[in-house]
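Report on one structure; see the data block that follows.
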């Protein structure tokens with residue numbers, strides 16, 4: 001679908017979106033802030049670069065004055081002892097210069113895997129770097145200062161441990177994996193942990209199985225990448241590897257393939273070269289990068305990629321993982337690919353599956369979480385294929401029926417959690433909910449469907465820019481990707497807050513809702529993966545909704561409730577109510593007078609009452 005020629009509808013949509021974003025820019029001018037305090041996105045119409053979402057806990061950054069005095073540092077920089085790596089003799093010259101300076105160092109007495117890549121830049125040059133605002137503020141206040149970034153990720157720090165937990169590694173597997181990442185190989189890791197080599201190997205073999213990694217370098221790549229955050233696929237570490245270490249194009253390719261889990265024989269076969277040449281080039285890579293194993297190489301490539309993103313001087317900006325981090329977990333599909341989900345606990349609570357809409361991801365708003373927890377529930381949320389951190393599904397069936405194809409992921413996650421029956425809160429996602437009820441009829445208990453959207457041609461009029469997008473999708477479903485790309489290019493917190501104000505005009509309940517900073521922040525968290533280029537699921541589901549017509553009614557079992565906001569800006573509530581009464585015979589319906597599109601957030605108590613009427 002992505003290769004289709006651009007249609008007249010797409011050009012018309014582009015023009016409409018340009019006007020929309022121009023209005024945004026005009027509104028934002030009065031609220032200008034320094035470059036480091038804003039996530040500046042490219043103007044619509046320019047090529048949009050996907051952006052990373054970085055775990056701020058993994059950003060090792062500091063600011064020094066020209067004399068070598070440290071002015072500020074992140075906790076990651078301090079915890080990893082990075083101050084010892086700084087070449088203070090060079091700081092005065094760097095502070096007076098205009099260019100960034102790259103270096104790599106190794107602490108005396110440490111393994112080759114402990115080398116660190118460091119980049120220095122004068123404060124003015126580093127203004128577009130992706131470091132926390134506190135460091136930018138200190139640098140701006142001290143003209144002759146130097147900003148320093150390094151990739152000395154501490155394997156004992158929380159982000160790597162969280163990555164191990166996300167992939168389901170147990171305590172022994174986590175300890176062995178972290179020690180291997182730190183020391184670069186299994187044998188020294190086993191010795192450091194007072195384990196036998198065989199025990200360490202078996203633990204890593206099980207860790208690789210749980211993470212879906214074929215070989216140890218791939219496990220290291222997966223864990224360290226997740227510890228840094230979420231990176232788009234467009235930018236690689238190639239420039240850093242070539243400029244700093246002098247690797248050739250072929251050496252960069254071979255190193256990348258090894259880090260992704262390919263053995264030397266497979267690399268030789270895929271590149272059409274001899275095994276001897278691959279060994280020779282890989283030996284050269286090891287020598288140039290100061291590593292002694294595939295695991296250490298994998299870590300070094302991920303760190304180089306992270307530093308490349310953090311120092312990229314583009315019009316885009318990084319987003320940082322917020323304090324309210326999700327309890328991320330992964331399940332693996334039998335045929336490959338990972339499924340991201342959040343189990344909010346407690347384990348003793350009544351399981352409630354919270355389905356996300358076709359525009360958001362698994363992130364559940366804090367208001368709804370608090371209400372569910374107060375009622376003794378255990379919320380569980382799953383990213384559908386192509387949303388958030390769940391891999392898309394391949395094949396014509398996944399394109400033709402994204403909703404039915406996604407039901408197997410739910411079955412896989414419930415089986416992993418040993419949950420046999422689950423109640424459901426569905427935030428929109430009516431088409432997926434019906435497909436899930438057909439596929440897993442015995443697994444679903446009580447169901448609350450909030451603001452279900454019918455196929456767009458049966459949804460009546462709407463208000464504002466999103467309603468106009470809806471009409472454009474009906475005329476040409478393929479242009480959903482145009483909208484997704486445009487939204488991704490503009491997706492910063494400040495812009496989204498202004499967009500939400502635009503979207504909700506004409507809906508008093510929603511206008512009140514978007515004045516709540518917590519609600520806006522939670523909505524931003526639920527769609528921020530768009531900025532990394534992860535909107536395949538959105539494009540597929542929106543196209544399916546735009547193509548869809550009136551299906552056969554689905555006779556729902558007892559215990560289904562449908563809540564609709566009477567001031568939903570996206571749909572005409574009475575038209576939607578009439579449609580779903582016909583499509584879901586047997587369900588109970590309630591039109592909420594003071595509710596709008598954000599009903600699941602603003603009326604969380606009402607949602608919980610519907611799922612727990614006793």
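Taken together, the values in this text are just the output of simple stated rules run on the coordinates, not laboratory data. Small disclaimer: the values here were computed from a predicted structure and weren't measured. Don't worry about glycine lacking a Cβ; one is built from the backbone with ideal geometry, like all the others, and counts go over all protein chains shown.
General observations
- Chain lengthening between residue 609 and residue 421 when straightened (0.36 nm per residue, less Cα-Cα): 65.8 nm
- The range 113-184 and the range 63-79: distance between their alpha carbon centers, rounded to Å: 13 Å
- The slack in the chain from residue 493 to residue 249, taken as 0.36 nm per residue of separation less the alpha-carbon distance, amounts to 84.0 nm.
- Euclidean distance of C-alpha centroids, the range 533-594 and the range 400-458, integer Å: 13 Å
- Note on residue 124 and residue 566: their simple-model spin labels are 6.1 nm apart, each label 7 Å out from Cα toward Cβ.
- Over the range 328-611: Kirkwood hydrodynamic radius from C-alpha pairwise inverse distances, Å: 18.8 Å
- Along its first, second and third principal axes, ordered by size, the range 155-320 spans 43, 40, 25 Å in Cα coordinates.
- Calculated over the range 115-252: convex hull of Cα atoms, volume per residue (Å³): 145 Å³
- Which of 582, 572, 555 has the fewest Cβ neighbours within 10 Å, and the rest in rising order: 555, 582, 572
- In plain terms, the residue of 579, 64, 341, 286 with the fewest other Cβ atoms within 10 Å comes first and the most crowded comes last, giving 286, 579, 64, 341.
- Taken over the range 55-150, the convex hull of the Cα atoms encloses 89 Å³ per residue.
- Cβ-Cβ distance of residue 373 and residue 394, R₀ of 30 Å, FRET efficiency by 1/(1 + (r/R0)^6): the value works out to about 0.20.
- Estimated distance in nm for a label pair at residue 196 and residue 589, the labels positioned 7 Å out from Cα along Cα-to-Cβ: 6.8 nm
- Proxy reagent accessibility, fewest Cβ within 10 Å first, across 136, 458: 458, 136
- FRET efficiency estimate (nearest 0.05) - Cβ-Cβ, residue 84 to residue 280, R0 22 angstrom: 0.05
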